Amino acid sequence: MCSYKDTAVLSQSLKQVMRGDDRFNHSAEHQRVTLNLKTGQYRLAPLQNHEEFPIFDRRFMGQRNRFTLVVCNQQGDGFRKPGRLALIDLEEGKHQHYDYPTAEVIEEHQFVPRLGSTQEMDGWLIGPSFDYQKQRSKLNIFDAKRLGHGPVAVV
């Protein structure tokens, strides 16, 4: 999950973004949540800051999952102008990423499993980007296991 220290991102920062001002300093902390269903207790483990929209392979919901996909910026200094898609291996601490062109801003991507596959994150990442110089929206499709190679298709 991603959490903020308070609700100022909603009451202040998003208003600024809608006015074209992305100089806010509110940033989410990406955390791994582990639930103990027998005791009702939970544990939070911080992963990174400045990441948003974490997703995982929903076929593994309620089970230990190894991978999470996040949206972040290329500089790692806040959530201004998100343009990097990163797939994080939670077990090995490694990640691979794809940096969109600098004139593109991205939004939340979704994972679609490959037909017939049972391996975690074996499938497609699908998500929008907006090229603000060309005033054009795109839908980008990636092979999730090869995110660093870039989109396999752009519509």
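Counting only residues 5 or more places away or on other chains, whose amide H sits under 5 Å from the amide H of Arg32 once H atoms are built in the peptide plane?
Ala45, Leu47
Enumerate the calculated ³J(HN,Hα) couplings along region 127-134 in order (Karplus 6.51 cos²θ - 1.76 cosθ + 1.60, θ = phi - 60°), each rounded to whole Hz, writing x wherever the residue is Gly or Pro.
Calculated HN-Hα couplings, in order: x, x, 9, 10, 8, 6, 7, 8 Hz.
For region 94-155, just say rounded, prolate or oblate: build the C-alpha gyration tensor, square-root its eigenvalues into a ≥ b ≥ c, call rounded for a/c under 1.5, and beyond that prolate if a/b exceeds b/c, oblate if not.
Prolate is the answer for region 94-155, as a/c is 1.5 or above and a/b outweighs b/c.
Each reported figure results from applying straightforward, stated rules to the coordinates on display, with no laboratory input. From a predicted model like this one, the values you see are computed outputs, not experimental measurements.
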